[in-house]
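The values are calculated or read from the model by the stated rules, or taken from the named source; none is laboratory data. Bear in mind that the values here come from a model prediction, so they are computed numbers and not experimental data. For neighbour counting, all protein chains shown are included, and Cβ atoms are generated from backbone atoms with ideal geometry for every residue, glycine included. Quick note on the areas: whole protein, heavy atoms, side chains included, nothing else; ligands and nucleic acids left out. Shrake-Rupley method; radii C 1.70, N 1.55, O 1.52, S 1.80 Å.
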Amino acid sequence: MNKFPFLVFEGLDGAGKTTLAELFAKHHNFSYYSSVPSELVYLRDKIAANNSPITMFHFYTLCNLMRSQEYRLKLNSSGVVADRYIFSTFAYNSLLVKQDLSCHFPILQSSPDFLLPDVIVYVTASQSIINQRIAKRSQEVPIQWYGDKVSLECNLTESYKRIFSLVDIPVLEIDTTNSNPEQAYSTLYHELNRIGQTIPFI
């Protein structure tokens with residue numbers, strides 16, 4: 001059992017996932033991690049330029065394995081917030097390669113070194129709101145074919161649900177359609193307290 005809690009924030013691009021994850025980490029003094037280790041960002045950009053979905057799947061799987069080791073060490077001294085993890089890898093890339101990749105999930109689970117979270121926070125918003133947020137963001141940052149474009153064109157909700165069903169982990173759904181970041185955080189805090197008897201160290 002981890003000494004400190006491990007939370008993963010998942011959800012569609014534009015749902016407000018990163019904002020909420022950073023806010024939670026700040027409020028609780030947790031260590032915040034993005035999905036890609038800094039030393040691999042250049043490699044992600046190279047893979048993205050080649051437009052290869054299956055290579056992107058393997059890349060993010062590698063990132064998850066590397067992050068898992070980091071999380072295991074960090075959890076000895078603080079809580080961890082992961083902004084995307086293995087669930088996004090399978091949900092997004094299954095749609096990109098047009099194949100259900102969840103059959104590979106047990107391979108990761110079979111590794112004694114692979115760490116699963118205590119709680120999954122699934123951040124959602126209406127499709128129209130997500131479209132608006134991505135459109136606004138794309139004025140400064142190009143739309144990613146392996147991220148934003150999938151959120152705009154595919155049914156990620158069903159893909160996520162299929163992946164979540166593979167694990168016995170509480171999933172807290174936070175809808176940010178009509179919420180600002182502080183309101184969404186308040187809802188999340190309430191939901192975490194609700195399951196506090198199951199996970200008393202949060």
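Some values worked out for this structure:
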read-out	value
Residues satisfying the stated conditions in the range 33-90, i.e. within 18 Å of the chain's Cα centre (by Cα), within 21 Å of GLY14 (Cα to Cα) and free of Cβ contacts under 8 Å to residues at least 24 places away in the same chain	VAL41, ARG44
Set TYR42, TYR32: member being in a strand (DSSP E or B) and either more than 14 Å from ASP83 (Cα to Cα) or open to solvent by 60 Å² or more (accessible area, probe 1.4 Å) (or both)	TYR32
Residue check for SER102: closer than 23 Å to SER151 by Cβ, touching a residue at least 60 places away in the same chain (Cβ under 8 Å) and hydroxyl-bearing (Ser, Thr, Tyr)	yes
Subset of the range 7-30 that is of a type in the set (Gly, Ala, Ser) and under 22 Å from LEU115 (Cα atoms) - its residue that is farthest from the chain's Cα centre (by Cα)	ALA25
Test result for SER77, surrounded by 13 or more Cβ atoms within 10 Å (Cβ to Cβ) and either among the small types (Gly, Ala, Ser) or over 18 Å from ILE169 (Cα atoms) (or both)	no
Options GLU158, GLU173: the member that is part of a strand (DSSP E or B) and open to solvent by 40 Å² or more (accessible area, probe 1.4 Å)	GLU173
Failed condition for ARG84, given (1) open to solvent by less than 10 Å² (accessible area, probe 1.4 Å); (2) on the phi > 0 side of the Ramachandran plot	(1)
Hits in the range 133-151 (condition: touching a residue at least 60 places away in the same chain (Cβ under 8 Å) and surrounded by fewer than 18 Cβ atoms within 10 Å (Cβ to Cβ))	ARG137, GLN144, TRP145
